[in-house]
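Just below is one structure, and these are the notes that go with it.
The values are calculated or read from the model by the stated rules, or taken from the named source; none is laboratory data. Here the structure is a predicted model, which is why all the values come from computation and not from measurement. So basically every Cβ, Gly included, is an ideal-geometry build from the backbone, and we count neighbours across all protein chains shown.
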């Protein structure tokens, strides 16, 4: 049995391929019993590979394990969000968008502007968000995208923004109904209604706990300064 602590949850994960080896960053030695187990089979991996031959077997296993971890995470007031999460001075700021819009570029500019002594990337692809005792936290996970940028840590969440490209930098609060739809568009939508209800329940808790914004930005330090000033509550 191989144990990993991910998003403050003790998990037994079985894997065989290299890409899933990202889990080792989260490995722990403990006599505690895991909360749940995540695994797959050769047959399931090969079935996905047949449907998506552009993927490697390693990638197929990685995707299946990530999806199964996500299903269990829902039972612990948590979810995975397609986003880039940056920590600044002990608080997490999360930026979500469709691929290619520039969320990773934007969080990279936060590190450039504020300095890596004050900032780090929590996760650059699928951070976990959990609500614990009424407070939202952003966690690194092994499900860390193409470049595997992630830290094994959890940081209190300050705010969430959905990015779109704009020549003029502007940010405004997002209405709750739009915030719910935007989060839903950037996470996995379970096929069965039971898990879908869990997803919606977690999203409701997130939007009730942290402010959500719409951020139009260009690639500049001015975009960083504006988003930080508003999301941190300074402006």
Residue 159 vs. criteria assigned to a helix (DSSP H, G or I) and more than 20 Å from residue 69 (Cβ to Cβ): no
Determine whether residue 138 is in contact with a strand residue (DSSP E or B) (Cβ under 7 Å, 6 or more places away or on another chain), in the same structural domain as residue 104 (by TED's automatic domain parsing), buried (at least 19 other Cβ atoms within 10 Å of the Cβ) and part of a strand (DSSP E or B). yes
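May I ask you to list the residues in segment 2-27 that are in a loop (DSSP other than H, G, I, E, B) and more than 23 Å from residue 74 (Cβ to Cβ)? Break it down into steps so the answer makes sense when it comes.
Step one: filter segment 2-27 for residues in a loop (DSSP other than H, G, I, E, B), giving 2, 7-8, 14-18.
Residues satisfying the conditions are 16, 17, 18.
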Select from segment 162-200 the residues that are in contact with a strand residue (DSSP E or B) (Cβ under 7 Å, 6 or more places away or on another chain) and assigned to a helix (DSSP H, G or I) and write down the one among them that is nearest to residue 133 (Cα to Cα). 199
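Give the residue, chosen from 113, 70, 62, that is out of contact with any helix residue (DSSP H, G or I) (no Cβ under 6 Å at 6 or more places or on another chain), assigned to a helix (DSSP H, G or I) and surrounded by 17 or more Cβ atoms within 10 Å (Cβ to Cβ).
Numbers: 113 fails: out of contact with any helix residue (DSSP H, G or I) (no Cβ under 6 Å at 6 or more places or on another chain); 62 fails: out of contact with any helix residue (DSSP H, G or I) (no Cβ under 6 Å at 6 or more places or on another chain).
Of the residues listed, the single one that is out of contact with any helix residue (DSSP H, G or I) (no Cβ under 6 Å at 6 or more places or on another chain), assigned to a helix (DSSP H, G or I) and surrounded by 17 or more Cβ atoms within 10 Å (Cβ to Cβ) is 70.
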I'd like to know if segment 28-39 contains one or more residues that are in a helix (DSSP H, G or I) and modelled with pLDDT of 95 or more. no
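Within segment 201-233, restricting attention to residues that are assigned to a strand (DSSP E or B) and in contact with a helix residue (DSSP H, G or I) (Cβ under 7 Å, 6 or more places away or on another chain), which residue is farthest from residue 180 (Cα to Cα)? Show your work before the answer.
Looking only at segment 201-233, we keep the residues that are assigned to a strand (DSSP E or B), and these are 212-217.
Then drop every residue that is not in contact with a helix residue (DSSP H, G or I) (Cβ under 7 Å, 6 or more places away or on another chain), which leaves 212-213, 215, 217.
Values: 212: 9, 213: 12, 215: 16, 217: 21 Å.
This residue is 217.
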